[in-house]
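The values are calculated or read from the model by the stated rules, or taken from the named source; none is laboratory data. Nothing here was measured: the structure is a model prediction, and the numbers come from that model. Backbone-built Cβ (ideal geometry, glycine too); neighbour counts: all protein chains shown. Note: areas computed on protein heavy atoms with side chains; ligands, DNA, RNA excluded. Shrake-Rupley method; radii C 1.70, N 1.55, O 1.52, S 1.80 Å.
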Amino acid sequence: MIAVRRVGSVSVDDLVQTYNVSVETIRRDLRILDEKGFLRRTYGGAVRKEQTTWDMPYYDRMQLNRERKEAIAREVVLLLEDGDSVFIDGNTSGLILSRFIPENKNLTIVTNSAMVTLNLVQKKGKLKVHLVGGEVDEDGKTFGYKLHCELRQYRFDKALFSCMGFGAEGLYYSKWEPLQIAQMLVEQSNQLILMADSSKANRSGFLY
């Protein structure tokens with residue numbers, strides 16, 4: 001499924017070679033993924049099924065374009081200066097970024113992700129970390145009214161966030177929650193830093 005989302009289409013023969021399994025196994029898996037709405041089967045393979053409200057599971061997104069996300073994280077770290085107050089959202093790009101932030105940086109970091117928080121506090125350096133409250137979803141991110149109320153109390157030097165896609169019209173999202181957070185960050189941040197690789201270019205979503 002990750003290959004389909006990345007390149008747009010795959011063939012049964014390529015998948016057999018990549019995963020070293022039988023043709024029957026690949027065809028069965030593609031049938032199941034088609035039935036679940038993750039892709040669309042074609043003769044000899046499958047193609048990406050674009051839906052504006054569809055969001056890939058968190059773990060799969062972690063693996064998707066991982067090298068690109070790590071490259072982005074390395075560049076973003078160079079933009080962080082001692083004394084900065086920073087917001088890091090709980091998407092996969094933010095989680096990967098949290099692993100690259102040096103422990104000796106004097107930063108005050110606010111996040112809505114329990115996993116980002118854990119990565120940062122384990123460094124035991126100069127980082128000051130705040131986890132904003134709210135209800136917790138299956139990805140370890142807080143959301144809801146309490147989050148919005150608490151988040152509005154902060155002002156950030158830099159806000160680091162991601163999106164489902166972007167184009168000439170702006171940024172796209174599949175759900176209201178990340179869109180609302182992004183809109184708040186526009187009002188409360190001196191500098192906005194979008195963490196998005198080229199696979200999201202000219203990709204639309206349900207909301208923008």
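What the table below lists for this structure:
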{"item": "The range 77-208 - charge dipole about Cα centre, Lys and Arg +1 at Cβ, Asp and Glu -1, debye rounded to 20", "result": "260 debye"}
{"item": "For the chain, with +1 on Lys and Arg beta carbons and -1 on Asp and Glu, the positive-most of Thr108, Ser199, Thr18 along the dipole", "result": "Thr18"}
{"item": "Added length on full extension, which subtracts the Cα-Cα distance from 0.36 nm per residue, Glu135 to Tyr19", "result": "37.9 nm"}
{"item": "Listed candidates [x] -0.32, -0.82, -1.18; [y] -0.32, -0.77, -1.05; [z] -0.45, -0.91, -1.07 - label of the one calculated as log10 I(q)/I(0) by the Debye sum over Cα atoms at q = 0.08, 0.13, 0.16 Å⁻¹", "result": "[y]"}
{"item": "1.4 Å probe accessible area per residue over the chain, in Å²", "result": "55 Å²"}
{"item": "Computed [θ] at 222 nm, helices only, for the chain once each DSSP H run of length n ≥ 4 contributes -39500 (n - 2.57)", "result": "-11500 deg cm²/dmol"}
{"item": "Dipole in debye (nearest 20) - the range 88-161, about Cα centre, beta carbon charges: Lys, Arg +1; Asp, Glu -1", "result": "460 debye"}
{"item": "Entries of Lys123/Lys158; Lys69/Lys123; Lys124/Lys200; Lys128/Lys200 with Cα pairs more than 23 Å apart", "result": "Lys124/Lys200; Lys128/Lys200"}
{"item": "HN-Hα J in Hz across the range 102-116 - Karplus 6.51, -1.76, 1.60, θ = phi - 60°, x for Gly and Pro", "result": "x, 6, 8, 6, 8, 10, 10, 10, 10, 8, 9, 10, 5, 6, 4"}
{"item": "Portion, in percent, of the accessible area of the range 61-166 that falls on carbon or sulfur, probe 1.4 Å", "result": "50 percent"}
